[in-house]
Amino acid sequence: MKILLIYPPFQIGMGMGKVMCSPPLSLLTLAGAVKDLDHEIEILDLNVDYSYGIKKIQKKIEQYDMVGITCMTNTFKVVLNICKIAKKSGVKTLLGGFHPTLQPDIIEKFECIDMICRGEGEETFRELLDDKPINKILGLSYRDNGKVVHNPDRPSIKNLDNLSYPDNSLIPSNSYHYLWVKAWVVESSRGCPFKCNFCCVTKFHHGKYRVKSPQRVINEILNVPNNVKFIFFVDDNFSLNHKRVLHICELIRKNRLHKRFMFACQSRVDDLANNPDMVKEMAKAGFICVFLGIESTKQMSLNRMNKQYTLDKIRKCITLCHKNGMIIFGAFIIGNLGENSADVWRTLHMMKELEIDIMMTNPLTPFPGTPLYDEAVANNWIPKDFRWEKWDLTAVMNTPDMSRSEIQDLVDESYRFFYKDIGYFIFGKRILRVIFNPKFWWFRKVAFNYLTKGLTEFFLKLD
Ligand code: B12
Ligand code: SF4
């Protein structure tokens with residue numbers, strides 16, 4: 001069978017793809033899982049190739065027997081359009097990822113969806129391609145003579161070390177970068193044991209946290225293409241198991257991988273704040289950036305979203321990471337229950353004072369599969385005419401504390417407030433902290449890279 005795996009494009013307007021472009025790990029992992037079967041698999045990442053209009057996609061899809069598409073809630077709109085195009089050509093459609101897993105009834109509503117893989121995809125996809133009887137494939141939803149069937153759930157994969165390696169050869173390694181430094185993604189664990197009320201990871205992974213062994217993680221790092229300089233661990237909670245993190249750091253240094261790569265990961269603030277020795281070891285192993293879901297600085301909101309940490313931990317974590325030469329990418333939610341605009345501004349000012357380096361804000365969004373979604377539905381917060389298939393990443397609902405438009409305005413203003421001060425960025429304390437601190441060795445390396453590359457390109461153009 002000929003199968004085209006598609007990663008849909010980011011929503012227009014985010015501009016994200018220009019400054020960072022990540023390899024589609026879900027698809028690489030699926031392709032790796034069926035590599036030994038006799039099928040032809042191709043990956044089309046629409047974040048890399050912008051030349052695809054409707055006609056070109058249709059021409060491409062026509063050549064395959066099936067398309068498999070990763071679908072997040074925010075890409076659902078585009079995914080549906082791709083499915084419609086596929087159906088016009090009689091090509092089977094299979095969706096996987098967070099949105100169809102947590103809202104599988106979309107298969108009943110949209111006839112262009114033939115099948116949904118709910119939850120982890122490796123085994124389900126393999127059994128489907130291996131011609132196992134469709135009614136025996138756990139985790140699959142499909143149509144049988146026009147009637148929708150949802151097979152029972154598939155239990156979580158027990159030992160992640162048994163998974164095949166992602167097939168990184170299926171995409172061009174040159175196309176992926178974070179701020180134009182060649183980048184790749186590696187997964188070292190799955191799931192999260194916490195239960196933040198806005199997060200769909202808990203339900204997707206049945207509240208479980210599973211890890212790959214340190215040696216397997218090193219092997220995955222060694223599996224990335226040769227030209228890569230920056231690796232992002234996509235785990236929701238990379239540093240939860242401290243002993244494992246220390247072991248990974250030790251192996252990174254033993255294999256001298258910290259000389260070859262810079263690393264970034266997602267962590268919880270309390271995890272880092274409580275473990276200064278671990279942060280020190282991570283920095284020594286080449287971790288230069290942590291992504292923190294800080295969400296708010298109002299204790300009552302943190303409690304209400306079940307974050308289970310305090311403002312004191314947020315401060316400690318930021319100071320600690322900076323002390324160790326790491327930059328902070330902080331994500332915040334605007335519109336938290338119990339917060340008004342004054343609370344939002346307090347958070348934003350505090351983050352500027354604490355000098356977090358990169359800030360991202362998102363409107364409070366009731367993603368399907370979360371306790372927040374249930375609360376929003378029970379209280380009729382979601383407007384009757386709202387449809388996920390039309391969602392454009394903007395604020396979804398009024399909350400008892402703020403209106404939908406107030407939330408969205410604050411999101412827009414937060415970016416202007418944080419990033420307006422280019423002078424502050426370039427000449428302020430932040431840049432001095434980076435230039436004169438030997439712990440920020442990597443910054444000079446990256447700056448040198450930009451400078452030499454920029455000059456080379458400039459002279460080549462003159463030529
Ligand atoms: C890395 C990542 C990103 C990268 C994307 C890189 C890329 N090209 O993949 C970046 C940083 C760009 C990003 C951006 C965003 N992200 Co993001 N991201 C993640 C993260 C941390 C890891 C994804 C990953 O690679 N996992 C590893 C792979 C192996 O697992 P997987 O993707 O789940 O795939 C498995 C299954 O889902 C299934 N599967 C998936 N696709 C398919 C397809 C088929 C055909 C089949 C059969 C199976 C299948 O099989 C796979 C193997 O088991 C997840 C959280 C998480 N832990 O998954 C959030 C997550 C997916 N992101 C999320 C969000 C909200 C966003 C943003 C909207 C945030 C924002 N406001 O900017 C943007 C939107 C980006 C977009 N596509 O439009 C949410 C999605 C919520 C939802 N309901 O859709 C998540 C779950 C985070 C969260 N905790 O809420 N993200
Ligand atoms: S927000 Fe982070 S800590 Fe909370 S449940 Fe989701 S992944 Fe876990």
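Quick note: the coordinates plus some simple rules give every number you see, no bench work behind them. Keep in mind that what you see is a predicted model, and the values were worked out from it rather than measured. Virtual Cβ from ideal backbone geometry, glycine too; neighbours counted across all protein chains shown.
Brief remarks follow.
- Sparsely packed GluC sites (Glu not before Pro) within the range 15-109, loop by DSSP, other Cβ within 10 Å at most 15: Glu62
- Among Tyr7, Cys112, Gly96 - extreme Cα towards positive end, dipole of the range 2-150, charges at beta-carbon: Cys112
- Protection-proxy order for peptides 279-288, 248-257, 377-386, 309-318, each taking the mean of Cβ atoms within 10 Å per residue, highest first: 279-288, 309-318, 248-257, 377-386
- Note on the range 172-462: antiparallel DSSP beta bridges, both residues inside, total approximately 15 percent of the bridges counted.
- Among complete DSSP H helices in the chain, those whose alpha-carbon atoms stretch at least 27 Å along the helix's long axis and whose mean Kyte-Doolittle hydropathy reaches -1.0 are 441-462.
- DSSP-defined antiparallel bridges as percent of all bridges, the range 2-150, nearest 5: 30
- The share of C-alpha pairs in the chain whose separation exceeds 27 Å stands at 58 percent.
- Fully extending the segment from Ile358 to Thr319, taken as 0.36 nm per residue of separation minus the present Cα-Cα distance, adds 12.6 nm.
- The order of Ser213, Ser188, going from fewest to most other C-beta atoms within 10 Å of their C-beta, is Ser213, Ser188.
- Projecting the Cα atoms of Leu257, Phe198, Ser239 onto the dipole axis of the range 196-287, where Lys and Arg carry +1 and Asp and Glu carry -1 at the beta carbon, places Leu257 farthest toward the positive end.
- Think of each Lys and Arg Cβ as +1 and each Asp and Glu Cβ as -1; about the Cα centre, that makes the dipole of the range 2-150 roughly 680 debye.
- Projecting the Cα atoms of Leu364, Met72, Ser414 onto the charge dipole of the chain (Cβ charges, centred on the Cα centre) puts Ser414 farthest toward the positive pole.
- For the chain, the dipole from Cβ point charges (+1 on Lys and Arg, -1 on Asp and Glu) about the Cα centre works out to 1260 debye, to the nearest 20.
- Using the rule -39500 (n - 2.57) for each DSSP H run of four or more residues, divided by the residues of the chain, the 222 nm mean residue ellipticity is -11500 deg cm²/dmol.
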